[in-house]
1. Multiplying the sequence separation of residue 95 and residue 161 by 0.36 nm and subtracting their Cα-Cα distance, what value in nm do you get?
2. R0 = 35 Å: FRET efficiency of residue 204 with residue 181, Cβ-based, nearest 0.05?
3. I'm a student and want to see the number: the projected area of the Cα convex hull of segment 1-82, averaged over all directions, in nm².
4. Top mean-square fluctuation among 111, 19, 167, Gaussian network model of the chain, C-alpha springs under 10 Å?
5. Provide 4, 64 in ascending order of the number of other Cβ atoms located within 10 Å of each residue's Cβ, fewest first.
6. Which residue fluctuates most in the GNM of the chain (Cα springs below 10 Å): 160, 15, 139?
7. Computed on alpha carbon atoms, what radius of gyration and Dmax characterise segment 52-123, expressed in Å?
8. Considering only DSSP beta bridges whose two residues both sit in the chain, what percent are antiparallel, to the nearest 5?
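Please treat every number below as a calculation from the coordinates, not as lab data. Being a predicted model, the structure only gives us computed values, none of them experimental. Cβ sites come from the backbone with ideal geometry, for glycine too, and all protein chains shown count toward neighbours.
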Ligand SMILES: [Zn+2]
């Protein structure tokens, strides 16, 4: 048995090429457990979650990164979020009546739409990038985002079978003048193209890297564990109620006796009694 929820960085010696490999099993189980998603949706959301970990890993970011795909198809929205502690969460919203073929493509599920990439640093400016969902796959959409926004050359491979998800990312940092091996980037990309989705899913990260790059000199720092964690809290939920306003909250209390809010990600229920609600707004006044 090997660790199955991890993020492993790798470097090619004396070269500006770096990579990340991610495998998810238990975290997917934790995330899917709370929902009754069709297989195709688990597969796509698994890829999106993997991509969120890969992209977070490329950034020097203290905060969180989210990927949100929205479209006019039966899959209305799916969202994956990762923070610098490698904690992830994700969600999909779909037409309850719709039937998705097991191997349904991104396009057939989402239809026409966009992929929004949001970076929320703990300190500093929020950043948002948008790319249209024109690619056949999530990795193609993200690759076109990287090329359109003139960022570092980046390639991504994603695979998911609804129980496991895995991904590999390669990025070329700016070239030094004294780089001895200019062909490394195209060569490494070409090697990685030979990787089959089932290999990415079934082999350990070490086996994948050996299978691809055994003729290159690869350095591996320690791997990082990826976990499922939700950032919801009673305090944030209370703030949401305050922003709805007292009149609206009083109406709900009058009608239902209390206010019950469920976190969409982890299904935690936050209950606010009539007394809680009145305290919430008293606090606001002072
Ligand atoms: Zn939650």
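1. Difference between extended and current length: 21.6 nm.
2. With a Förster radius of 35 Å, E is 0.80.
3. That works out to 7.4 nm².
4. 111
5. Ordered by Cβ neighbours within 10 Å, fewest first: 4, 64.
6. Ranking 160, 15, 139 by mean-square fluctuation puts 15 first.
7. For segment 52-123, the Cα radius of gyration and maximum Cα-Cα distance read 14.0, 43 Å.
8. 95
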